[in-house]
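Engineer: One structure coming up, written as structure tokens, with questions to follow.
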Amino acid sequence: MDSPDIAILGTGAHAPAKILTNHELARTVETTDEWIVTRTGIRERRIAGKNETTSLMAAAAGRAALADAGIEAAQVDLIIVATLTPDVPMPATACLVQHLLGVPARAACFDLNAACSGFLYALDTAWALLGSGRYRHALVIGAEKLSTIVDWTDRSTCVLFGDGAGAVVLGPARGTAKILGMRLYAEGAHAGLLGVPRGPRSYIQMKGREIFKIAVREMEDAAREILEQHGLAATSIACVVPHQANLRIIESLAQYLGLPLERFVVNLDRYGNTSAASIPLALDEARRAGRVRPGDTTLFVAFGAGLTYGSALVRW
Ligand code: ACO
């Protein structure tokens, strides 16, 4: 569906204050800063406090995005929170965020889980709903408290993940920041590669090496297809905001797309993989650092458990 009149009106982010460095982790599991940096690019991650819930982080990011957009909570009529770590199975985190922000009762609020592609799935859903004309202003939030589903004794996964939240406000375009297009995909045949199995050990489990290879291919496919659809060469993309899983995955993607790494927003060195929060967190940082200029075209690209993947193009 084509909705050329819907734009990103503002962005916001929230990261817990507590920093957990690789050196600190190396005191509790058998690893080293050198191994983690070389294999992943991650140096530290944020860890939410006991009472710092996904909904609180999501609301903080949402509040910042509303302020950035100059939109009042009363104007919001749709909230979608992408998360795989909701506070509770029900009610939806989005309803808790609605209450925290004082968004009126006529708003539709729900959560969506597409793991690390969750933010793009939520963005596409909101874009379509706003494009239908039945909603006007949406808060699209990616928020995760992954520290609660990480096995802190498993060195092959615990070094990768962190907590945080990022948000965007979508609404009628004011002439800039239009969403040009989006593509979503899923390959359920690979569902067994990454997940949180039910049972006494309900933690993230994954086959890292297999995911690595598939992730690069999926992100390249998603990027190429959307560029082709819009008749754009990869070199016309000023800035790529990729899912922040592993620097080597981003480097491979840059190489396959024939783009210099400098065009990619990378903040995983400071946050690790924050799943659905990673793209909006990186986007907010990029905007505030002046890396997104009027007229630029930005590519978002993600992959995650499912396996899900997707891409989006925004013209600022
Ligand atoms: N410190 C030290 N050694 C380690 C650590 C660690 N933290 N973790 C694993 N090792 C060891 C392994 O035991 C193995 O030892 P062995 O050779 O004696 O068996 C060795 O290091 C190499 O392990 P590999 O798994 O082959 O290492 P690899 O280079 O593939 O890197 C990694 C592992 C970082 C997990 C990589 O495969 C990766 O990033 N994969 C993608 C994972 C990913 O992005 N997941 C997120 C998905 S997004 C979502 O939806 C949540």
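Engineer: Within 10 Å, count the other beta carbons around each residue, average over each peptide in 220-227, 260-267, and list them highest first.
Structural biologist: 220-227, 260-267
Engineer: Between Phe212 and Asp296, how high is the FRET efficiency from 1/(1 + (r/R0)^6) when r is the Cβ-Cβ distance and R₀ = 25 Å? Nearest 0.05.
Structural biologist: Details: r = 29 Å, r/R0 = 1.18.
Plugging the Cβ-Cβ distance into 1/(1 + (r/R0)^6) gives 0.25.
Engineer: Counting DSSP beta bridges in the range 76-216, what percent are antiparallel, to the nearest 5?
Structural biologist: That works out to approximately 50 percent antiparallel.
Engineer: Tell me, what are the semi-axes, in whole angstrom and largest first, of the equivalent ellipsoid of the chain as set by the roots of 5 times the Cα gyration tensor eigenvalues?
Structural biologist: Its equivalent ellipsoid spans semi-axes of 28, 24, 17 Å.
Engineer: Want the number for Ala105 to Tyr185: 0.36 nm per residue separation, take away the alpha-carbon distance, what's left?
Structural biologist: 25.5 nm
Engineer: Then there's this: Quantify how much of the Cα-Cα distance distribution of the range 178-315 extends past 20 Å, in percent.
Structural biologist: Cα-Cα pairs of the range 178-315 separated by over 20 Å account for 45 percent.
Engineer: Would you please give the residues with an amide H less than 5 Å from that of Phe264, counting only those at least 5 places away or on a separate chain, with H modeled from the backbone geometry?
Structural biologist: Residues meeting the criterion, in which the H sits 1.01 Å from N, are Val240.
Engineer: May I ask you to evaluate 6.51 cos²θ - 1.76 cosθ + 1.60, the Karplus curve with θ = phi - 60°, for each residue of the range 303-309 and list the ³J(HN,Hα) values in order in whole Hz, giving x for glycine and proline?
Structural biologist: Values per residue, Gly and Pro as x: 9, x, 4, x, 6, 10, 7 Hz.
Engineer: Check which residues have an amide H placed less than 5 Å from Arg136's amide H, if you skip close sequence neighbours.
Structural biologist: Result for Arg136 returns Asp77.
Engineer: Continuing with this model, one more query. What fraction of the DSSP beta bridges in the chain is antiparallel, stated in percent and rounded to the nearest 5?
Structural biologist: 70
Engineer: For the range 6-172, give me the percentage of DSSP beta bridges that are antiparallel, rounded to the nearest 5 percent.
Structural biologist: Values: 19 of 29 bridges.
If I count the DSSP bridges inside the range 6-172, around 65 percent turn out antiparallel.
Engineer: Can you run phi through the Karplus equation (6.51, -1.76, 1.60; θ = phi - 60°) for the range 97-105 and list ³J(HN,Hα) in whole Hz, with x for Gly and Pro?
Structural biologist: Coupling constants for the range 97-105: 5, 3, 5, 4, 8, x, 7, x, 5 Hz.
Engineer: Now for a separate question. Might you work out the accessible area of Thr28 for me, using a 1.4 Å probe with all protein chains in place, and round it to the nearest 10 Å²?
Structural biologist: Only protein atoms counted, so the area is about 110 Å².
Engineer: Run the count for the chain, please: Lys pairs, Cα-Cα under 28 angstrom, 8 or more apart or on different chains.
Structural biologist: 5
Engineer: Among 198-208, 304-314, what's the highest-first ranking by average C-beta atoms within 10 angstrom per residue?
Structural biologist: Taking the mean over residues of other Cβ atoms within 10 Å, the ranking is 304-314, 198-208.
Engineer: Mind checking which of Phe110, Phe303, Phe212 has the largest fluctuation in a GNM of the chain, springs on alpha carbons under 10 Å?
Structural biologist: The residue with the greatest mean-square fluctuation here is Phe212.
Engineer: Can you tell me how much longer the chain between Ala128 and Arg155 gets when fully stretched, taken as 0.36 nm per residue apart minus their C-alpha distance, in nm with one decimal?
Structural biologist: So the chain would gain 5.7 nm between Ala128 and Arg155.
Engineer: Please state, as a whole number in µm²/s, the translational diffusion coefficient that the Stokes-Einstein equation yields for the range 6-172 at 10 °C and 1.306 mPa s, with Rh defined as the Kirkwood radius across alpha carbon pairs.
Structural biologist: Answer from the Stokes-Einstein relation: 97 µm²/s.
Engineer: Which residue fluctuates most in the GNM of the chain (Cα springs below 10 Å): Asp163, Asp111, Asp296?
Structural biologist: So, out of Asp163, Asp111, Asp296, the one fluctuating most is Asp296.
Engineer: Gain in length, Ile19 to Ser202, computed as 0.36 nm per residue apart minus the alpha-carbon separation, to one decimal in nm?
Structural biologist: So the chain would gain 63.5 nm between Ile19 and Ser202.
Engineer: Could you compute the FRET efficiency for Leu232 and Lys50, with r as their C-beta to C-beta distance and R0 at 35 Å, rounded to 0.05?
Structural biologist: The value I calculate is 0.15.
The values are calculated or read from the model by the stated rules, or taken from the named source; none is laboratory data. Nothing here was measured: the structure is a model prediction, and the numbers come from that model. For neighbour counting, all protein chains shown are included, and Cβ atoms are generated from backbone atoms with ideal geometry for every residue, glycine included. Just so you know, the surface numbers come from the protein's heavy atoms only, side chains and all, with ligands and any DNA or RNA stripped out. Shrake-Rupley method; radii C 1.70, N 1.55, O 1.52, S 1.80 Å.
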